[in-house]
Every structure is written in structure tokens, then in C-alpha cells.
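Each value in this text was obtained by applying a stated rule to the coordinates, not by laboratory testing. Quantities reported herein were computed from a predicted structural model and do not represent experimental measurements. We place every Cβ from the backbone using ideal geometry, glycine too, and count neighbours over all the protein chains shown.
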């Protein structure tokens with residue numbers, strides 16, 4: 001019995017921001033793992049591919065540089081570290097993302113969120129603090145006039 005179901009190239013999975021409809025945006029990917037709704041996992045979970053959680057996870061999730069989706073049936077009691085996170089189910093723990101965290105109307109999150117961007121639909125349940133990571137702004141050209149010496153010798 002396998003713990004992870006590998007998706008084929010033609011399978012769809014959730015990544016990116018959550019659109020108006022409450023369903024996560026679907027994109028194609030070559031490597032995605034799915035933790036099914038009957039799976040219970042306790043410990044440290046890490047992977048080098050996108051991940052969809054429909055089961056129950058307790059511990060920590062280290063998913064740097066990859067996308068993580070907590071599906072509607074997903075129940076996570078863990079601190080999450082991922083490139084981007086979409087929550088449709090329940091999360092108890094802190095969420096750390098270098099990019100975006102999207103909370104859909106079916107989500108229930110209790111914990112702090114640390115991210116560069118956040119999307120939260122009307123109806124999403126959230127209890128905690130949000131800390132937006134400051135993005136580096138490109139330096140603009142100085143608007144001060146340039147002084148030149150045009151006197152002749």
C-alpha cells in the first residue's frame with residue numbers, strides 16, 4: 001500500500017491563488033503527491049514536489065520551494081513551510097510562505113500566517129495574526145538635478 005499517489009502528467013492539482021468560486025485554481029504539473037482522505041500521518045513531512053493533503057497530518061510540514069494544498073477533507077495540525085499554500089480544509093498551526101497563502105471560504109485556520117501576499121475569501125475562518133514579509137522595492141532613479149560645471153577655461 002503506497003502512502004503517496006503519484007499523479008500522471010495529465011492530472012490536475014491545485015496551486016496559485018484561489019479564484020472567486022471557492023475552488024483552487026487548477027494547473028498541470030509533472031510531479032504532485034496526494035495524501036488521501038483515509039491516510040493519517042504523524043511526524044515530519046517533507047517532499048520535493050507539489051503536495052495535496054486530503055488526509056490528516058500531525059507534526060511539521062517542510063515543503064520549501066513547492067506548492068501545498070490542504071484540500072476540503074484535509075486536517076492539518078502542524079506548522080507549514082511552503083512556497084505557496086492554499087487552504088480549503090482545516091489547519092491548526094503556523095503557515096510560512098515565501099509567496100502567497102490563499103484561504104478559501106471553506107477554510108478554517110487557527111495559527112499565525114507569515115507570507116508575502118494573502119488572499120482570503122468571504123466566509124473563511126481565521127484566528128491568529130498575519131505578518132506580511134516586506135518585499136524589496138526596486139530602487140528608483142534619483143529625481144535630484146545633476147550639477148555640471150560648464151565654465152570654460
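When Rg is the radius of gyration of the Cα atoms in the stretch 60-115 and Rh is its Kirkwood radius, what does Rg/Rh come to? My calculation of the ratio gives 0.90. Full extension of the segment from residue 121 to residue 108, taken as 0.36 nm per residue of separation minus the current Cα-Cα distance, would add 3.5 nm. Using the Cβ-Cβ distance between residue 77 and residue 131 with R0 = 25 Å, the FRET efficiency computed as 1/(1 + (r/R0)^6) comes to roughly 0.75.
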